[in-house]
């Protein structure tokens, strides 16, 4: 994706840095009080919250360019060429309404709507309006959608975030190994 714009929640980075800092502090404390072997046995358990914050708050994002929009939700990525998208709507989060052909592939569930978990409207009460940043971003996405040319044979694709899943699995294996070593 050339000329790609990445839209990511700023709070995800804040949470990731905060949790990583707490984990580093705790690991440093374990090294000082118990030594390196203790730190190696405890480290996998402390990596679980870092992985969870990464997978649920930081990794989800939206990538847009002239040809497609890529929605990276929790552990899954949905790649939608613009011709498969009928409408872009902001409700509680960004919703991409798929064309009938794209919805028939099963992407977007029964209603043919793909929700971007990483891009949500800030809720400030019943009469709240969109923030300026949200409105500008939505206009940019709609502009890219409107300017997209024909894309014959374009189909949405769904893939798993294998890197994040593999890291989570490695942490689980390390936790089991730590339990077995500790007895």
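The values are calculated or read from the model by the stated rules, or taken from the named source; none is laboratory data. Since this is a predicted model, take the numbers as computed values, not measurements. In this analysis, Cβ positions are derived from the backbone assuming ideal geometry, glycine residues included, and neighbour counts consider all displayed protein chains.
So is residue 108 farther than 30 Å from residue 47 by Cβ, at pLDDT below 95, in contact with a helix residue (DSSP H, G or I) (Cβ under 9 Å, 6 or more places away or on another chain) and buried (at least 16 other Cβ atoms within 10 Å of the Cβ) or not?
Answer is yes for this residue.
Return only the number of the condition from (1) assigned by TED's automatic domain parsing to the domain that holds residue 138; (2) within 24 Å of residue 162 (Cα to Cα); (3) surrounded by fewer than 21 Cβ atoms within 10 Å (Cβ to Cβ) that residue 87 does not satisfy.
Unmet condition: (2).
With the structure loaded, tell me whether residue 11 is in a helix (DSSP H, G or I), farther than 18 Å from residue 139 by Cβ and modelled with pLDDT under 95 or whether it fails that test.
Answer is yes for this residue.
Could you grab the pairs with beta carbons closer than 6 Å, sequence gap of 6+ or different chains, first residue in the range 77-102 and free of Cβ contacts under 8 Å to residues at least 12 places away in the same chain, second one in a strand (DSSP E or B) and surrounded by fewer than 20 Cβ atoms within 10 Å (Cβ to Cβ)?
Partner pairs satisfying both residue conditions: 87/97; 89/95.
Within the range 39-52, identify whether any single residue is touching a residue at least 40 places away in the same chain (Cβ under 8 Å), crowded, with 17+ Cβ neighbours inside 10 Å and out of contact with any helix residue (DSSP H, G or I) (no Cβ under 7 Å at 6 or more places or on another chain), and answer yes or no.
no
Of the conditions (1) at pLDDT 80 or above; (2) surrounded by fewer than 18 Cβ atoms within 10 Å (Cβ to Cβ); (3) over 17 Å from the mean Cα position of the chain (by Cα), residue 103 clears all except one; give me its number.
(2)
Take the range 1-15 and flag every residue that is farther than 30 Å from residue 66 by Cβ and surrounded by 15 or more Cβ atoms within 10 Å (Cβ to Cβ).
Within the range 1-15, just 15 meets the criteria.
Going by the conditions given, is residue 68 under 17 Å from residue 153 (Cα atoms) and either in contact with a strand residue (DSSP E or B) (Cβ under 8 Å, 6 or more places away or on another chain) or at pLDDT 90 or above (or both)?
In short, yes.
Looking only at the range 144-174, which residues are more than 23 Å from the chain's Cα centre (by Cα) and either under 22 Å from residue 3 (Cα atoms) or at pLDDT below 85 (or both)?
Scanning the range 144-174 gives 146, 147, 148, 149, 150, 151, 152, 153, 154.
State the number of residues belonging to the range 59-84 that are crowded, with 17+ Cβ neighbours inside 10 Å, over 17 Å from residue 99 (Cβ atoms) and in contact with a helix residue (DSSP H, G or I) (Cβ under 9 Å, 6 or more places away or on another chain).
5
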